[in-house]
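Novice: Okay, here's the structure, questions in a sec.
The values are calculated or read from the model by the stated rules, or taken from the named source; none is laboratory data. What you see is a predicted model; the values in this text were computed from it and never measured. Here Cβ is always computed from backbone atoms with ideal geometry, including for glycine, and neighbour counts include all displayed protein chains.
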Amino acid sequence: MSGFYKKSLDERLALIKEFAGLEEKEIADLKKYGAMDFEIADRMVENIVGTQQLPLGIATNFVINGKEYIVPMSMEEPSVVAAASKGASIAKITGGFKAESTPPVMIGQIQLLKVKDWGKAEVAIGKAGRTLVDSANEADPVLVKFGGGAKKIETSVIETERGKMLIVHLLVDVRDAMGANAVNTMCEKIAPRLEEISGGESRLKIISNLAIYRTVKATAVFTKKALEESFKKGDLKGEEIIEHILDAYHFAANNIFRACTHNKGIMNGIDAVAIATGQDFRALEAGAHAFASMKGKYTTLTRYYKDKEGNLIGEIELPMAVGLVGGAVKTSPIAGIAVKMLGIKTAEELGQVIACVGLSQNFAAMRALSTEGIQKGHMRLHAKNIAVMAGAKGKEIDRIAAKMAEEKNIRVDRAKELLKESEDK
Ligand code: NAD
């Protein structure tokens with residue numbers, strides 16, 4: 001495989017065909033490109049042999065700060081798009097979601113080692129703050145032109161098993177960018193000067209994904225009446241549903257095993273919009289989970305409580321490093337179309353939509369989990385995947401999925417039986 005990156009697509013495919021024992025049909029599938037052809041993909045990442053394709057669905061009913069959105073979501077899991085839309089339809093009754101953002105300020109970190117006098121170095125860096133900020137800005141005049149750029153320097157000394165370290169934070173307003181490249185470049189630019197000032201040695205120069213200065217807060221009101229009516233022939237009154245949801249929330253808020261899955265449900269929505277719009281979803285994941293542990297224990301990214309009328313208020317707050325310039329947003333054709341479908345003009349607005357989808361997703365999961373359970377809806381939608389796993393094709397997929405749902409027995413062995421029965425006929 002040496003020099004794989006230098007080989008043509010056909011040469012690469014021939015090599016992996018032999019190495020992994022792929023069949024002609026599998027190579028033909030790899031050659032099926034969608035909107036992103038080989039040339040685009042080859043410019044985005046290394047050693048390309050194909051493109052992975054995920055379904056792109058649209059979540060409906062989203063009203064955020066009074067504006068209606070259709071929300072593109074891309075992912076492999078059934079029932080996520082339906083759940084996000086369901087949550088949004090209940091929030092819509094009271095006017096939808098309200099969201100607000102802090103300015104798009106990211107943190108770059110520079111690690112300084114072997115400093116002789118830690119206290120003096122901190123003071124000296126503080127004094128040179130303005131010139132360091134100006135120097136960082138020389139690295140990105142475009143960002144400065146758009147009103148962004150480095151704004152501030154902060155320092156701290158940490159004790160580690162390998163001795164003290166001086167950590168410099170460079171705060172950068174990245175405007176409509178996710179900001180990692182912009183911030184990393186600035187950190188590398190000022191590192192030599194920081195070495196001179198501190199007398200130390202700089203090592204890591206890298207953005208932090210824990211974007212505590214760049215957060216979105218969103219809220220929605222879910223009424224008793226709307227919750228009650230959201231079940232066709234619900235046995236529970238609206239008040240009871242809200243009590244159940246609050247029990248579920250307090251379980252998650254106080255138990256790390258549950259909090260982890262609670263937040264996974266939030267990220268179902270967040271990642272799906274992030275993937276559809278070409279965002280760095282790992283950055284969002286890392287930031288979200290670190291933020292969830294900021295208060296000394298890992299807890300939920302959402303919060304639920306009752307208002308004076310006894311309706312349910314849902315809130316979410318999390319870091320939101322998303323961009324509309326840079327990254328894959330401009331290179332991936334589908335990401336560009338997804339952004340257009342959203343009708344958003346700024347990264348801030350995109351972040352607000354993403355946070356609201358996270359809240360809606362979480363609310364819908366809590367509503368189902370604390371009442372009928374999620375498997376009923378989930379398995380009905382998952383039945384088609386099970387039918388495919390069993391080998392069904394074309395119309396057989398829907399027929400077998402419907403039959404299994406009717407029998408309330410959605411399992412691969414049953415799908416295989418049904419498939420065999422129809423083949424034997
Ligand atoms: P980028 O460098 O491609 O684009 C940002 C640049 O675009 C800015 O520096 C600026 O010069 C220019 N620009 C033009 N118009 C602008 C506007 N209106 N607002 C802001 N900037 C504007 O992208 P980036 O956002 O700096 O970096 C994102 C990429 O970095 C992602 O692909 C991410 O995956 C990757 N990355 C992430 C990490 C991490 O998260 N830890 C680390 C390294 C790289």
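Novice: Filter the stretch 290-338 down to the residues that are charged (D, E, K, R) and either modelled with pLDDT under 95 or within 16 Å of the ligand (Cβ to nearest atom) (or both), then identify the one that is nearest to residue 52 (Cα to Cα).
Specialist: The extreme case among them is 330.
Novice: Further, regarding this structure: Kindly list the number of the only condition in (1) closer than 23 Å to residue 286 by Cβ; (2) of a type outside the set (Lys, Arg); (3) surrounded by fewer than 18 Cβ atoms within 10 Å (Cβ to Cβ) that fails for residue 163.
Specialist: (1)
Novice: Follow-up. Among the residues of the stretch 305-328, is there at least one that is small (Gly, Ala, Ser) and closer than 23 Å to residue 60 by Cα? Before the answer, list the steps.
Specialist: Initially, the stretch 305-328 is screened for residues small (Gly, Ala, Ser), giving 310, 314, 321, 323, 326-328.
The next check asks that each one be closer than 23 Å to residue 60 by Cα; those that pass are 314, 323.
Among the residues of the stretch 305-328, at least one is small (Gly, Ala, Ser) and closer than 23 Å to residue 60 by Cα, which makes the answer yes.
Novice: Here is a follow-up. Scan the stretch 13-41 residue by residue and report those that are in a helix (DSSP H, G or I), in contact (Cβ under 8 Å) with a residue 12 or more places away in the chain and within 25 Å of the chain's Cα centre (by Cα).
Specialist: Answer for the stretch 13-41, where residues must be in a helix (DSSP H, G or I), in contact (Cβ under 8 Å) with a residue 12 or more places away in the chain and within 25 Å of the chain's Cα centre (by Cα): just 40.
Novice: Do you know which residues across the stretch 78-98 are surrounded by 23 or more Cβ atoms within 10 Å (Cβ to Cβ) and assigned to a strand (DSSP E or B)?
Specialist: Listed by number, the list holds a single entry, 97.
Novice: Return the pair list, or none, for Cβ contacts closer than 7 Å from residues in the stretch 171-198 that are closer than 19 Å to residue 278 by Cα to residues that are part of a strand (DSSP E or B) and within 16 Å of the ligand (Cβ to nearest atom), at least 6 apart or on different chains.
Specialist: Final answer for the pair search is 174/106; 176/325; 177/325; 179/106; 179/172; 179/207; 180/207; 182/172.
Novice: Another question, if that's okay. May I ask you to verify whether residue 90 is under 30 Å from residue 313 (Cβ atoms), touching a strand residue (DSSP E or B) at 6+ places or on another chain (Cβ under 8 Å), more than 16 Å from the ligand (Cβ to nearest atom) and aliphatic (A, V, I, L, M)? Lay out the reasoning, then the answer.
Specialist: Values: under 30 Å from residue 313 (Cβ atoms): yes; touching a strand residue (DSSP E or B) at 6+ places or on another chain (Cβ under 8 Å): yes; more than 16 Å from the ligand (Cβ to nearest atom): yes; aliphatic (A, V, I, L, M): yes.
So residue 90 fits the description; yes.
Novice: Can you find a residue in the stretch 148-155 that is charged (D, E, K, R), more than 16 Å from the ligand (Cβ to nearest atom) and either modelled with pLDDT of 95 or more or in contact with a Cys (Cβ under 9 Å, 6 or more places away or on another chain) (or both)? Quick ask: steps written out before the conclusion?
Specialist: Of the stretch 148-155, the ones charged (D, E, K, R) are 151-152, 154.
Remaining after also requiring more than 16 Å from the ligand (Cβ to nearest atom): 152, 154.
Still in the running and either modelled with pLDDT of 95 or more or in contact with a Cys (Cβ under 9 Å, 6 or more places away or on another chain) (or both): 152, 154.
Yes, there is a match, as at least one residue in the stretch 148-155 is charged (D, E, K, R), more than 16 Å from the ligand (Cβ to nearest atom) and either modelled with pLDDT of 95 or more or in contact with a Cys (Cβ under 9 Å, 6 or more places away or on another chain) (or both).
Novice: Out of 53, 109, which single residue is free of Cβ contacts under 8 Å to residues at least 40 places away in the same chain, in contact with a Lys or Arg (Cβ under 9 Å, 6 or more places away or on another chain) and surrounded by fewer than 21 Cβ atoms within 10 Å (Cβ to Cβ)?
Specialist: On the way: 109 fails: free of Cβ contacts under 8 Å to residues at least 40 places away in the same chain.
Result: 53 is the single residue among 53, 109 that is free of Cβ contacts under 8 Å to residues at least 40 places away in the same chain, in contact with a Lys or Arg (Cβ under 9 Å, 6 or more places away or on another chain) and surrounded by fewer than 21 Cβ atoms within 10 Å (Cβ to Cβ).
Novice: Looking only at the stretch 370-425, count every residue that is without any contact (Cβ under 8 Å) to a residue 12 or more places away in the chain, part of a helix (DSSP H, G or I) and under 30 Å from residue 239 (Cβ atoms) and tell me the total.
Specialist: 2
Residue-by-condition table, conditions (1) under 30 Å from residue 38 (Cβ atoms); (2) outside any helix (DSSP H, G or I):
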{"position": "260", "(1), (2)": "no, no"}
{"position": "266", "(1), (2)": "no, no"}
{"position": "284", "(1), (2)": "yes, no"}
{"position": "304", "(1), (2)": "no, yes"}
{"position": "336", "(1), (2)": "yes, no"}
{"position": "364", "(1), (2)": "no, no"}
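Novice: Can you pull out the residues in the stretch 269-287 that are closer than 17 Å to residue 84 by Cβ, small (Gly, Ala, Ser) and either surrounded by fewer than 24 Cβ atoms within 10 Å (Cβ to Cβ) or within 12 Å of the ligand (Cβ to nearest atom) (or both)?
Specialist: Matches in the stretch 269-287: 274 only.
Novice: Also, quick follow-up: Given the conditions (1) at pLDDT below 95; (2) closer than 16 Å to residue 373 by Cα, which single one is not true for residue 246?
Specialist: Evaluating residue 246 over (1) at pLDDT below 95; (2) closer than 16 Å to residue 373 by Cα leaves (1) as the failure.
Novice: Counting just the residues of the stretch 339-376 that are basic (Lys, Arg) and over 18 Å from residue 175 (Cα atoms), which one comes out farthest from the ligand (Cβ to nearest atom)? Walk me through it before giving the result.
Specialist: Start the filter on the stretch 339-376 by keeping residues that are basic (Lys, Arg), which leaves 340, 345, 367, 376.
Narrowing the set further to residues that are over 18 Å from residue 175 (Cα atoms) leaves 340, 367, 376.
Working: 340: 17, 367: 33, 376: 38 Å.
Once the filter is applied, the top-ranked residue is 376.
Novice: Pairs, please: C-beta under 7 Å, at least 6 apart or cross-chain, first residue not assigned by TED's automatic domain parsing to the domain that holds residue 337 and in the stretch 270-299, second within 12 Å of the ligand (Cβ to nearest atom)?
Specialist: Qualifying pairs under 7 Å: none.
Novice: Take residue 225 and decide whether it is away from the ligand (no atom under 16 Å from the Cβ), farther than 30 Å from residue 348 by Cβ, assigned to a loop (DSSP other than H, G, I, E, B) and in the same structural domain as residue 368 (by TED's automatic domain parsing).
Specialist: No.
Novice: Identify the residue in the stretch 166-190 that is closer than 17 Å to residue 126 by Cβ and of a type in the set (A, V, I, L, M, F, W, C) and, among all such residues, is farthest from the ligand (Cβ to nearest atom).
Specialist: 166
Novice: Does the stretch 239-255 contain any residue that is more than 16 Å from the ligand (Cβ to nearest atom), part of a strand (DSSP E or B) and either among the aromatic types (Phe, Trp, Tyr) or in contact (Cβ under 8 Å) with a residue 60 or more places away in the chain (or both)?
Specialist: Taking the stretch 239-255 and keeping what is more than 16 Å from the ligand (Cβ to nearest atom), we get 239-255.
Now narrow it down to the ones that are part of a strand (DSSP E or B): none.
No; the residues of the stretch 239-255 include none that is more than 16 Å from the ligand (Cβ to nearest atom), part of a strand (DSSP E or B) and either among the aromatic types (Phe, Trp, Tyr) or in contact (Cβ under 8 Å) with a residue 60 or more places away in the chain (or both).
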